[in-house]
1. If each residue's Cβ is checked for other Cβ atoms within 10 Å, how do Ser327, Ser134 rank with the fewest at the top?
2. Rg and Dmax of region 458-602, Cα atoms, in Å?
3. Nearest 20 debye, what's the magnitude of the dipole of region 347-412 about its Cα centre given +1 on Lys and Arg Cβ and -1 on Asp and Glu Cβ?
4. Pick out, in residue order, every one of the trypsin sites (Lys or Arg not before Pro) in region 75-161 that is DSSP loop and has at most 15 other C-beta atoms within 10 Å; say none if there are none.
5. With only Lys, Arg, Asp and Glu charged, each at its Cβ (+1 for the first two, -1 for the last two), find how big the charge dipole of the chain is about the Cα centre; round to the nearest 20 debye.
6. May I ask for the distance between the Cα centers of region 263-304 and region 107-180, given as a whole number of Å?
7. Using a 7 Å offset from the Cα along the Cα-to-Cβ direction at both Ala117 and Glu655, what is the distance between the two label points in nm, to one decimal?
8. Filter the trypsin sites (Lys or Arg not before Pro) in region 274-310 down to the DSSP loop ones having no more than 16 other Cβ atoms within 10 Å, then list what survives.
Amino acid sequence: MTMDNRYSDGAQFLKDVTVKIENRLDEIRQDLDEGKKEIENMHEYYWENYTEMDQYGYEEYDNRQALLQQTNANTEKLKQKHRFEKMKDSPFFGRVDFIFEGEYDPEPFYIGIGNFAERTGMTPLIYDWRAPVSGLFYDYDKGPASYEAPAGTIAGEISSKWQYKIRDGKMIYAFESDTKIDDEILKQELGNNGDVKLKNIVRTIQKEQNAIIRNTEDKILVIQGGAGSGKTSIALHRIAYLLYHDWKNLKSSNVLILSPNSVFADYISHILPELGEENIQEMSFDLFAYRELKDTAADCEDKYDHLERIMKFPSDREKERFRMKQSEDFVGLIEGFLATLEDRLIDFKEISFRGMKMSEEELIRMFYFKFQDTPLLARMNAVKDYFIDAYETLKGSDISDDDRELLNSKFDSMYVTKDIYTIYNWMLEDYGYDQLSDVPYERRKIQYEDVYPVLYLKYRLLGKSSQKNIKHLVIDEMQDYSYMQYVILENLFQCRMTILGDYAQTLDTKQQDVLKFLPKIFGKDIRKVILNKSYRNTYEIAQYAAQISGITGLELLERHGRPVDVRKFDTEDEMLDAIVSNVNFGKDGYETGAVITMTEDEAYDLYRLLKKRGVDAAYVDRDSSAFKRGLTVTTFYLAKGLEFDQVFTIRGAKENPLADQAEYISATRALQELYVYETGSDSKA
Ligand SMILES: Nc1ncnc2c1ncn2[C@@H]1O[C@H](COP(=O)(O)OP(=O)(O)OP(=O)(O)O)[C@@H](O)[C@H]1O
């Protein structure tokens, strides 16, 4: 067959399938209209008749159920409508012609962002990229191939593979794919200008990425990958894949992403809806900790307070103490402290209540033996419940609320304190650390180094609030979580996890290899995957970044661009001039750019100066929830995980202990152009 013939096949198929999609859309719209009317009728019927409905409420109940069913059916239809509308624009992007073993003629399988059949239950005309057969498209070139179907392995041969680009229902191109073309298409996708949202990559998922996306065996999958290797993209596609395959069990509300901040959360929020799935919950661990500690202190520092401080006032002692407090050794210290805490925390006093007594010895026996597995601060409650049970059995009646209150306070008063903050201070004192300031609740602000140790202590003393609803946890930027944080996470979440990150992009002054300690915490359920190919940056930028980080062995895509512009200016004015003259947005220019500094103050100053020069820039700080098209001014730690067409990295003071990581993280944010600027004589040489 000639190329033209094949092209016309795809084009003909596009015509046919477009008509069919339109037909289905018409039907769905009609169904939706009828459904809406049905709901209105039900409401009307209800309001007209509810006074006469039977006294037991059966009819009312039936009515409500019917209404609920109809509403659910409508929601389902609405989702379908959205999917097909999207598919009408671009129904498919790939095709595999597969000759099943024992047969002669190839069967074409068209692949798109969702399944499409003429009618529900009929053989699909287009297959969802997550369907078993679509695996062929990502995993094989021409030749023998197989895929895993529910019935087992299906083997055969791929006679050809096609790549399509369709926009607004029109065929832009159709290529029979081979390695060279695939690479060209990938480069073209990557060469397109950056967006303010991370894009889906279904058209060009690479084989090694696909293996991760389609992995269902491993309970905990840990992905170490260099900057721009597609980790975040893959994690989100994996979630989409799991939602599709495990739809009975896993709903989008069962998935939680632990993300570094709101800008990042917004940045990744489009992929799942683009793929026809609902968006998922995300939260920063710091916010979670802060909420959990609300009853312990009025305020807690977050990671960014800590970072700003170590950059402004670098102190080796503080760095060391911080590291120690997040370490395995410190978990050990807390455990050691807990082992001796019982004696110190309780002052046993005989209980007597309306003629019933519990002696000190009895209390001790209960406390140390009967309820020894209950967390310490919840244990007296267990003893009290036991006491109340015995009392009620004896009297043959329930105890009054007032009496229960009275007993609560009697039992509680045996604790010397129940304040976690105070108990934590005892521990700091025991081990020779400075204590937290002894102030009333309203004035308490827990420093970042103590936030997670206090949270750990709290869970050990009160029990944890297990997050049962979450069945899959995604942890992005895994290198930024400490041993202590992982121990807490392991306690809170017993579910499947996708953990991803890059040790080179650490926000600590020293790299930590979380891959080393994760197995200690999560046991043998862990599987580790390493990604070595970088997709984001041009060759020139990736090489520059590799040279500053000293990382070797990263495979780079041969997508070329401008050389990196590294310059030192005598004055800030000259540097600003250079930024202004290189910024390139607008009709023929780029979509996104960033001026990235080390500290918040530096970012804010530059933002103001750029504004003064009439540059339309936006300032992104830790409270921001999105970044926009055009120029953004921000810090390296907030730019983490994001990408921009143009990046202006502004080197900070050379004493800044995070200078190297900052430069690496900033440089690897650039898609097309990178400028590394500094000013003055006191800057980094
Ligand atoms: N297979 C692919 N096809 C097309 N684009 C891809 C592919 N894999 C990755 N990319 C693109 O590469 C860029 C980097 O991806 P992503 O942000 O997921 O990487 P990352 O490993 O999380 O990066 P970092 O750690 O540096 O933040 C994105 O623009 C993404 O769309």
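Read the figures in this text as sums done on the coordinates, not as results from a lab. Bear in mind the structure is a predicted one, so any value in this text is a computation, not a measurement. Cβ: placed from backbone, ideal geometry, glycine included. Neighbour counts: every protein chain shown.
1. Values: Ser327 16, Ser134 23.
So the residues, fewest neighbours to most, are Ser327, Ser134.
2. Cα radius of gyration and Dmax of region 458-602 are 21.0, 61 Å respectively.
3. Details: 10 positive and 15 negative charges, 36 e Å.
Using only the charged Cβ atoms, the result is roughly 180 debye.
4. Values: sites: Lys77, Lys79, Lys81, Arg83, Lys86, Lys88, Arg95, Arg119, Arg130, Lys142, Lys161; in loops: Arg119, Arg130, Lys142.
Those satisfying the criteria are Arg119, Lys142.
5. Numbers: 90 positive and 122 negative charges, 202 e Å.
Computed charge dipole of the chain: roughly 960 debye.
6. Region 263-304 and region 107-180 have Cα centres separated by 36 Å.
7. 7.0 nm
8. On the way: sites: Arg291, Lys294, Lys303, Arg309; in loops: Lys294.
When the trypsin sites (Lys or Arg not before Pro) of region 274-310 are filtered for loop state and at most 16 Cβ neighbours within 10 Å, Lys294 remain.
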